[in-house]
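Each reported figure results from applying straightforward, stated rules to the coordinates on display, with no laboratory input. On a predicted model such as this, the values are computed, not experimentally measured, just so you know. Heads up, the Cβs are rebuilt from the backbone with ideal geometry, glycines too, and the neighbour counts pull from every protein chain shown.
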């Protein structure tokens, strides 16, 4: 089973991130641009986050999710969009808290823990990344790692989910004509990974290859944000073009 945070810590992470998202959305204003999501306003960001919370809640409860268009129309008609976001958050947290430890529902990432833990983990990082986006809207730039609120341990967990769960999926699966490896290291000692790229896609593993073609280093929070394309708070050694091509192919748009 993946080395992930405790269920309770992930649940608290969802609530903390939602508060950061809400507070920064209020400060920035719903019409403000989101520098880390080109083309989006804060209104788009809040609508998206509320939609994802409702989709995850339905999945955890084992019921069909409402069509995106219906949820987006509901958001557009809400008298207070941030209260609408709050309603979806409370419903999500209630669904996760009520779910049995042996919850049996589908989950879509590779190398995942059991479904209740996996859905809680996914919504923790989903909300955390979009709270970074809300901070960027308020600041007018991506926040620095020292401005972020979450723990390095949560960041390590998110790096692990992204590299082992998202990257090798058929939807993303970055590739290149010639085999190459990227080592990812947190310089605060919280984790290391290797991504092997080739013509058939990528494979990720825990532990950094010593002879990798490129290396990404930084604090856990800096690397987490950088891998999610939320700022460049990381250092690259070796083939920088290899790293950029990997991040471009890994860009997650939903």
- Find how much the distance from residue 203 to residue 149 grows on full extension, using 0.36 nm per residue of separation minus their present alpha carbon separation; answer in nm with one decimal. 16.4 nm
- Counting only C-alpha contacts under 8 Å and six or more residues apart, can you give the relative contact order of segment 7-143 as a whole percent? 43
- Task: Mind giving me the nanometre distance, one decimal, between the label points for residue 77 and residue 253, set 7 Å out from Cα along Cα→Cβ?
- Result: 2.9
- Nearest 10 degrees, 0 to 90: helix 240-250 Cα axis against the chain principal axis: 30
- GNM result for the chain, Cα springs below 10 Å: residue of 226, 99, 170 fluctuating most strongly: 170
- Message: Sequence gap at least 6, Cα distance under 8 Å: using those rules, report the relative contact order of segment 102-254 to the nearest whole percent.
- Response: 20
- Quick one: if the Förster radius is 41 Å, what FRET efficiency do residue 19 and residue 211 give, using the C-beta to C-beta distance and rounding to 0.05? 0.40
- Crossing angle, helix 115-139 versus the chain [Cα axis fit, 0-90 degrees, rounded to tens]: 90
- Message: Under 10 Å, Cα contacts only: if you run a Gaussian network model on the chain, which one of 94, 24, 233 comes out with the highest mean-square fluctuation?
- Response: 94
- Percent of beta bridges antiparallel (DSSP, the chain, rounded to nearest 5): 75
- Gaussian network model of the chain, Cα within-10 Å springs - most flexible of 139, 21, 85: 139
- So how far apart, in nm, are the two label points at residue 244 and residue 66 if each is 7 Å from Cα heading toward Cβ? 4.3
